[in-house]
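The values are calculated or read from the model by the stated rules, or taken from the named source; none is laboratory data. Keep in mind that this is a model prediction, so the values were computed, not measured. In this analysis, Cβ positions are derived from the backbone assuming ideal geometry, glycine residues included, and neighbour counts consider all displayed protein chains.
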Amino acid sequence: MAHVKTAGVILGTLMGLAAGLSIYTFVYARGTSYLTNDPTACANCHVMQGHYDAWSHSSHRAVAVCNDCHAPHTFVGKYVSKGINGFNHSWAFTTGRFHEPIQVTAFNERIIEGACRNCHQDIVQMIDHGPHTSEPLSCIRCHPAVGHMH
């Protein structure tokens with residue numbers, strides 16, 4: 001019986017610690033700002049400041065915010081990807097385990113590619129396939145710095 005009580009105390013302590021750390025991190029990192037479409041939220045992390053500055057001087061600034069290119073255009077898709085990225089980013093930045101300069105993941109590259117194709121569908125349909133392939137061309141392959149030109 002004492003073992004069950006001790007295990008309960010340990011489990012409760014660990015759960016309280018995890019909840020406390022999560023709440024602190026969410027408040028410290030201004031977590032609610034990531035639920036908005038405000039591009040300044042993306043610059044909350046110092047590693048993103050250069051990307052934010054480059055976007056603010058790009059032609060895309062007039063027509064798109066970060067979420068337009070970096071989040072799916074459906075409500076559920078947008079917040080699922082924000083949740084996945086939020087967890088991954090907070091883990092990487094807290095532990096210091098990330099590549100500098102930051103690099104896009106395959107998951108996020110698919111989202112960005114879809115956004116390019118959505119906004120530029122008329123152009124993409126005309127040039128989608130190269131002369132030596134039946135596979136669609138990647139927008140990002142030829143335009144890796146669009147929106148973030150330095």
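The number of residues in the stretch 28-74 that are of a type outside the set (Gly, Ala, Ser) and over 17 Å from Cys116 (Cβ atoms) comes to 20. For the condition closer than 20 Å to Val47 by Cα and acidic (Asp, Glu), Glu113 does not qualify. All of Val65, Val47 fail the test of being modelled with pLDDT of 85 or more and among the hydrophobic types (A, V, I, L, M, F, W, C), apart from Val65. Highlighted here are the helices (runs of 4 or more DSSP H) found entirely within the stretch 41-136 that include at least 1 residues which are aliphatic (A, V, I, L, M), surrounded by 13 or more Cβ atoms within 10 Å (Cβ to Cβ) and not assigned by TED's automatic domain parsing to the domain that holds Ala29: 49-56, 75-95, 106-119, 121-127.
Could you list, in sequence order, the residues of the stretch 18-45 that are over 28 Å from His57 (Cα atoms) and hydrophobic (A, V, I, L, M, F, W, C)?
Here is the first cut: in the stretch 18-45, the ones over 28 Å from His57 (Cα atoms) are 18-28.
If the condition is that a residue be over 28 Å from His57 (Cα atoms) and hydrophobic (A, V, I, L, M, F, W, C), then Ala18, Ala19, Leu21, Ile23, Phe26, Val27 are the ones that fit.
Annotation note: of Ile84, Ile102, Ile140, the sole residue that is over 25 Å from Val27 (Cα atoms) and out of contact with any strand residue (DSSP E or B) (no Cβ under 6 Å at 6 or more places or on another chain) is Ile140.
Yes or no, residue by residue, for (1) in contact with a helix residue (DSSP H, G or I) (Cβ under 8 Å, 6 or more places away or on another chain); (2) among the hydrophobic types (A, V, I, L, M, F, W, C); (3) under 30 Å from Ala18 (Cβ atoms):
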site	(1), (2), (3)
Tyr52	yes, no, no
Val80	no, yes, yes
Ile84	yes, yes, yes
Asn88	no, no, yes
Ala92	no, yes, yes
Thr95	no, no, yes
Cys116	yes, yes, no
His120	yes, no, no
Asp128	no, no, no
